Amino acid sequence: MSLYFVKGKGWRYDFTLNGNRYTKTWFKTKREAKQAEAEKRKGVENPELHLITDPIPTDMDFLELVNRRLDYLKEYCSERHYSDNIFYAKRWCSYWGKKKCYEITVDMVQSFLLKRKRDVSAMTANKELRLLKSLFNFGIKAPRRWVKENPTLGIEFFPVEKKEKYVPPKEDVIKVVNAASPDTKDYLWTIICTMGRISEINRLTWNDVNLKDKYLVLYTRKKKGGHLTPRRIPLNQKLFETLSNRYKNRDPEKPWVFWHRYWSKKKGAWVVGPYIDRKIIMKTLCKKTDVKYFRYHALRHFGASMLDHEKVPIGIVQRILGHESRVTTEIYLHSIGDGERAAVGCLDQSFIEFSHTDSHTEKKAFNPKS
């Protein structure tokens, strides 16, 4: 198929002939695009009959584009975002790794996403679509201009059934913390008391902790531009005691607050470094304590809801969580406040008044004296 429709823009033709690619946008109707494509093909096949503009050169290999994008993400984005892209890129390359970027069409991407939706979920397919859009836009963006077209252009996201985020109750959080080893217990209390992202806690060093003035500094790459941005978090009494005790028993040669020794497949040796990912621990602890499974990120929602319940202003919650947008912070607030309860309570009074009026009408309608 060489004709494509993009919602809000129109039709375009896009075909490859003799190793060269030809495309033109945007036509109001499919017929116009088809006629223009036929004329172009005729001109390409018979150059003496038609003036031909310079063809679009074939662009880089898809695999090369993926590798350059990953190199960029490694330098400018968070470790989590980088690892997510590696995970999905391996699958993309199994489909298109031997192709040039111009050979990947809208139909190919759409078919791939439909399969992901059927095999996994609409949410997963949407995530891969977002990442693919970013990948091709990265190649198109000046001054690179390695890629001429984005085959994800015009592909719409699948509708998804959004569910309320699960926030573990306080009792379950305490059960999980108490069941943890001393080292993991310190780790969990640090997450709970700072409401930090896992990447921020894993990155934490003793240079970021000020026990004298009772605060620590968390760094995030979630800000616009990928800059590593700091924010101060005060230490409450629980976290102050936890980190003070940990500081006294620290290994002076290790700069990280939380570190471990692990086998590196990449280096083929045992290495020492900060935590990277500890998903298995939460599954083990939740199973051990017989509570509904939740991840580390749920503790951010848990802490934000606790602050909201205590009527902490949303602006302060936003700064603690490290959000640029207040809208993002509102997603984290799951507690039902007095305002909401008072609002729905108004309905009680309305229903009572309606019920009394309705009852009076019935008595009047069936009064045997009337």
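Quick one: would you say LYS117 is charged (D, E, K, R), at pLDDT 90 or above and surrounded by fewer than 15 Cβ atoms within 10 Å (Cβ to Cβ)? Before the answer, list the steps.
Details: charged (D, E, K, R): yes; at pLDDT 90 or above: yes; surrounded by fewer than 15 Cβ atoms within 10 Å (Cβ to Cβ): no.
Against the criterion (charged (D, E, K, R), at pLDDT 90 or above and surrounded by fewer than 15 Cβ atoms within 10 Å (Cβ to Cβ)), LYS117 does not qualify.
Of the residues that sit in segment 99-111 and are surrounded by 15 or more Cβ atoms within 10 Å (Cβ to Cβ) and out of contact with any Leu (no Cβ under 9 Å at 6 or more places or on another chain), which one is nearest to PHE158 (Cα to Cα)? If we take residues in segment 99-111 being surrounded by 15 or more Cβ atoms within 10 Å (Cβ to Cβ) and out of contact with any Leu (no Cβ under 9 Å at 6 or more places or on another chain), then GLN110 is nearest to PHE158 (Cα to Cα). Being buried (at least 16 other Cβ atoms within 10 Å of the Cβ) and closer than 28 Å to ALA304 by Cα is the filter here; which residues of segment 153-170 pass it? Residues satisfying the conditions are VAL167, PRO168. Taken together, TYR102, TYR95, TYR82, TYR76 contain a single residue that is in contact with a strand residue (DSSP E or B) (Cβ under 7 Å, 6 or more places away or on another chain), of a type outside the set (D, E, K, R) and not assigned by TED's automatic domain parsing to the domain that holds ARG21, which is TYR102. Hey, any hits in segment 136-149 for a residue that's within 15 Å of the chain's Cα centre (by Cα) and surrounded by 16 or more Cβ atoms within 10 Å (Cβ to Cβ)? Scanning segment 136-149 turns up no residue that is within 15 Å of the chain's Cα centre (by Cα) and surrounded by 16 or more Cβ atoms within 10 Å (Cβ to Cβ).
Could you list all residues from segment 77-103 that are touching a Ser or Thr at 6+ places or on another chain (Cβ under 7 Å) and within 12 Å of VAL66 (Cα to Cα)?
Just the residues of segment 77-103 that are touching a Ser or Thr at 6+ places or on another chain (Cβ under 7 Å), to begin with: 78-80, 100, 102.
If the condition is that a residue be touching a Ser or Thr at 6+ places or on another chain (Cβ under 7 Å) and within 12 Å of VAL66 (Cα to Cα), then LYS100 is the only one that fits.
Based on what the data block shows, is VAL173 in contact (Cβ under 8 Å) with a residue 24 or more places away in the chain, part of a loop (DSSP other than H, G, I, E, B), surrounded by 15 or more Cβ atoms within 10 Å (Cβ to Cβ) and of a type in the set (A, V, I, L, M, F, W, C)?
Against the criterion (in contact (Cβ under 8 Å) with a residue 24 or more places away in the chain, part of a loop (DSSP other than H, G, I, E, B), surrounded by 15 or more Cβ atoms within 10 Å (Cβ to Cβ) and of a type in the set (A, V, I, L, M, F, W, C)), VAL173 does not qualify.
Among the residues of segment 178-204, those identified as under 25 Å from THR329 (Cα atoms) and either aliphatic (A, V, I, L, M) or free of Cβ contacts under 8 Å to residues at least 12 places away in the same chain (or both) are LEU188, ILE191, ILE192, MET195, ILE198, ILE201, LEU204. When segment 196-236 is filtered for residues that are exposed (fewer than 12 other Cβ atoms within 10 Å of the Cβ) and in a helix (DSSP H, G or I), only ASN207 remains.
Checking each residue in segment 237-253 for being surrounded by 12 or more Cβ atoms within 10 Å (Cβ to Cβ) and outside any helix (DSSP H, G or I) picks out only ARG250.
The values are calculated or read from the model by the stated rules, or taken from the named source; none is laboratory data. Since we're looking at a predicted model, the values are computed, not measured. Positions of Cβ are backbone-derived with ideal geometry, glycine not excepted, and every protein chain shown enters the neighbour counts.
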